[in-house]
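A.B. asks: Can you keep this structure in mind? I'll have questions shortly.
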């Protein structure tokens, strides 16, 4: 199997949602964990491929999309667009009161894009999400995805980007360290925030 990285296409939507779901439990499959399998992707994937598809790149195995990197070039502007254009979409799918108490935090995240405005947002204006199905990990595809996104952001004049992650995802943290991300000052043990310059040698 030869996997290639290419720009996102609208027909990739369902595969992107599937990859998001199948890596959403600290890198493992979250199918059936929430009342809707679309809940997690509607928070962490859908807004990006809807609002900024030109900064979405996927791993195509020839049979399906099995990984992606998605981003917002300017987080402040993205938050405004999310509230205006995505919150109504999200609200039509997910009531403000979650079906299960255990997922209220995720529903809240879907309604509150301002959560993306970290202290360093002006210095690190872009942010990203990246996911690969387990069978494709360890093949340098994650590094290639990051390199591809950094190049696209550099062309737009974006100097730096950031990401947030679960402290429990040890393998993801090891990956970010390997490709050159560093902790930001507002990072905490409960919510690590990592940053990188777009001209970094990944």
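Bear in mind these aren't lab numbers, they're just calculated from the coordinates by the rules spelled out. Note that the structure is a prediction, hence the values are computed from the model and not measured. Glycine also receives a Cβ, built like all others from the backbone with ideal geometry; neighbour counts cover every protein chain displayed.
A.B. asks: Please find, in a Gaussian network model of the chain (springs between Cα atoms separated by less than 10 Å), the residue of 27, 157, 67 whose mean-square fluctuation is greatest.
C.D. replies: Maximum fluctuation in the GNM of the chain, among the listed residues, is at 157.
A.B. asks: Also, I was wondering about something else. Can you give me the orientation-averaged projected area of the convex hull built on the Cα atoms of the stretch 93-150, in nm²?
C.D. replies: Working: hull surface 25.8 nm².
Taking the Cα atoms of the stretch 93-150, their convex hull projects to 6.4 nm² on average.
A.B. asks: Take the Cα pairs of the stretch 1-74, get the Kirkwood Rh, then feed it into Stokes-Einstein at 10 °C and 1.306 mPa s and tell me D in µm²/s.
C.D. replies: Rounded, D is 127 µm²/s.
A.B. asks: Estimate the FRET efficiency between residue 100 and residue 155 by the formula 1/(1 + (r/R0)^6), using the beta-carbon distance for r and 41 Å for R0, to the nearest 0.05.
C.D. replies: Working: r = 43 Å, r/R0 = 1.04.
Plugging the Cβ-Cβ distance into 1/(1 + (r/R0)^6) gives 0.45.
A.B. asks: Take residue 25 and residue 81, extend 7 Å from each Cα along the Cα→Cβ direction, and tell me the distance between the two endpoints in nm.
C.D. replies: Calculated label separation equals 3.3 nm.
A.B. asks: Hey, what number do you get for the chain at 222 nm if only DSSP H runs of n ≥ 4 count, each worth -39500 (n - 2.57), divided across all residues, to the nearest 500? Write out the running numbers ahead of the final one.
C.D. replies: Numbers: 8 runs with 69 residues, N = 202.
It comes out at -9500 deg cm²/dmol, rounded to the nearest 500.
A.B. asks: Which of 45, 91, 72 moves the most in a Gaussian network model of the chain with Cα springs under 10 Å?
C.D. replies: Looking only at 45, 91, 72, the largest GNM fluctuation is found for 91.
A.B. asks: Taking 0.36 nm per residue of sequence separation and subtracting the Cα-Cα distance, how much length would be gained by fully extending the chain between residue 11 and residue 168, in nm to one decimal?
C.D. replies: Numbers: separation 157, 0.36 × 157 = 56.52 nm, distance 3.24 nm.
Stretched fully, the residue 11-residue 168 segment lengthens by 53.3 nm.
A.B. asks: Just to be sure I understand: with springs between alpha-carbon atoms less than 10 Å apart, which residue in 53, 95, 192 has the highest mean-square fluctuation in the Gaussian network model of the chain?
C.D. replies: Fluctuation is largest for 95.
A.B. asks: Find the centroid of the Cα atoms in the stretch 53-126 and in the stretch 143-173, then give the distance between the two in whole Å.
C.D. replies: So the two Cα centres are separated by 15 Å.
A.B. asks: Tell me whether the stretch 4-158 comes out rounded, prolate or oblate; compute the Cα gyration tensor, take square roots of the eigenvalues as a ≥ b ≥ c, and use a/c under 1.5 as the rounded threshold.
C.D. replies: Details: a/c = 1.80, a/b = 1.14, b/c = 1.58.
Oblate, since a/c reaches 1.5 and b/c is not below a/b.
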